[in-house]
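Each value in this text was obtained by applying a stated rule to the coordinates, not by laboratory testing. Here the structure is a predicted model, which is why all the values come from computation and not from measurement. Here Cβ is always computed from backbone atoms with ideal geometry, including for glycine, and neighbour counts include all displayed protein chains.
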Amino acid sequence: MQTKIDKQKLTWKAVVRDALLELGGQGHLSEINKIVEGHPKTKTNPTWRDTIRRVVRQYKIFEPMPPERSGIYKVLEEVTIRPEAQGFTQEPEIDHAIAQGMLVMLGKIYGYETYAPPHDQTIRSFQGKPLKDYVTVSECTDILAFKGPNLKKIREIDAIWLDEDDHGLFPRYAFEVEETTRIKSGLDRLLKIPRRFWVKFYIISPTEKEKSLFDQYINQTPFREYKGRFMFRLYKELEELYNSALIHNDRRKQFGIAEREI
């Protein structure tokens, strides 16, 4: 039997998923609220009804049912994708998608919720599947951390790993995959994430040429003030991390260590 302490540690995603499963897999927001009311997590979140409304819009496992704005949502079975070892091709457009796919999969392996821009989710693919099949957060518009005039640029960041507290999702790591002419634009987008969230920013690029530009820009205004939060990594370093993480993830499962609940 779960204790109240255990329930308090559940994510809002898990709380809403469990409520919908209790309703037979589908239900109206009012029905979800009725089940969740009194849950230990509501004690530390006075706006928990608004949180639930955001949760069903944010996560891909919740699907709105017709007609539009019916307030009815269905919980979907989460599809398990087994990723394979991967290298880069030296074809810029293909490699950009590969880098995003690697970053999203790494976020999943490390227990984070993952996001990529909606347009990229549709037009880019990784290992034969559209990027949207790998991300867990379909849209970042309703994430409170991103509310404000910078939302348009934030939602175009190539990959974001998110965690959750009592009030919802917030960013932990953000990545821009950039080549030479776009390094400064990538740095600028990353810095649009509100300063109150201590997020690690990464530029992922193919060659040392981009590293030289990164080093140049990071010592200029406005990036200099936050240079301790910016990291540069080459494609080959991302490739090594990704492939070693797959091996570790397989060993973890073989050993019997469960994946982090999210």
**Study point:** Helical mean residue ellipticity (222 nm; -39500 (n - 2.57) per DSSP H run of 4+; nearest 500) of the chain
**Key:** -11500 deg cm²/dmol
**Study point:** Kirkwood hydrodynamic radius over Cα pairs of region 191-257, then Stokes diffusion coefficient at 37 °C and 0.692 mPa s, in µm²/s
**Key:** 232
Check your understanding: Points 7 angstrom from Cα along the Cβ direction at residue 30 and residue 139: gap in nanometres?
Key -> 2.4
**Study point:** the chain, relative contact order in percent, only Cα pairs under 8 angstrom and at least six apart counted
**Key:** 17
Review point. Each residue of region 191-201 in turn: what ³J(HN,Hα) in whole Hz from Karplus with 6.51, -1.76, 1.60 and θ = phi - 60°, glycine and Pro shown as x?
Key: 6, 6, 5, x, 4, 5, 9, 7, 9, 7, 9
Exercise for review: Largest first and to the nearest Å, give the Cα extent of region 4-75 along each principal axis.
Suggested key: 37, 22, 20
Check your understanding: Applying the Karplus parametrisation 6.51 cos²θ - 1.76 cosθ + 1.60 with θ = phi - 60° to the phi angles of region 244-253, what ³J(HN,Hα) value in whole Hz is obtained for each residue in order, glycine and proline being reported as x?
Key -> 6, 5, 4, 4, 4, 4, 5, 5, 4, 5
Review point. Looking at the P(r) of the chain, how many percent of alpha-carbon pairs lie beyond 30 Å?
Key: 33
Study note, to complete from the structure: The answer for residue 113, listing residues at least 5 apart or on another chain whose modeled amide H is closer than 5 Å to its amide H, is 162
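In what sequence do 185, 125, 205 fall when counting other Cβ within 10 Å, fewest first?
Least crowded to most crowded, the residues run 185, 125, 205.
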Check your understanding: So how far, in whole Å, is the C-alpha centre of region 7-41 from the one of region 212-238?
Key -> 42
Review point. Which residues' amide hydrogens lie under 5 Å from the amide hydrogen of residue 231, considering only partners 5 or more residues apart or on another chain, with H built in the peptide plane?
Key: 201, 202, 203
Check your understanding: Which angle from 0 to 90°, rounded to the nearest 10, does the C-alpha axis of helix 208-217 make with the longest principal axis of the chain?
Key -> 80
Check your understanding: Taking the alpha-carbon set of region 115-217, what are its Rg and Dmax in Å?
Key -> 14.1, 43
Review point. Using the Cα atoms of region 159-235 to build a convex hull, what is its mean projected area in square nanometres?
Key: 4.9
Check your understanding: Mind listing the phi-derived Karplus ³J(HN,Hα) values for region 74-84, rounded to whole Hz, using 6.51, -1.76 and 1.60 with θ = phi - 60°, and x for any glycine or proline?
Key -> 10, 8, 9, 6, 6, 7, 8, 9, 8, x, 10
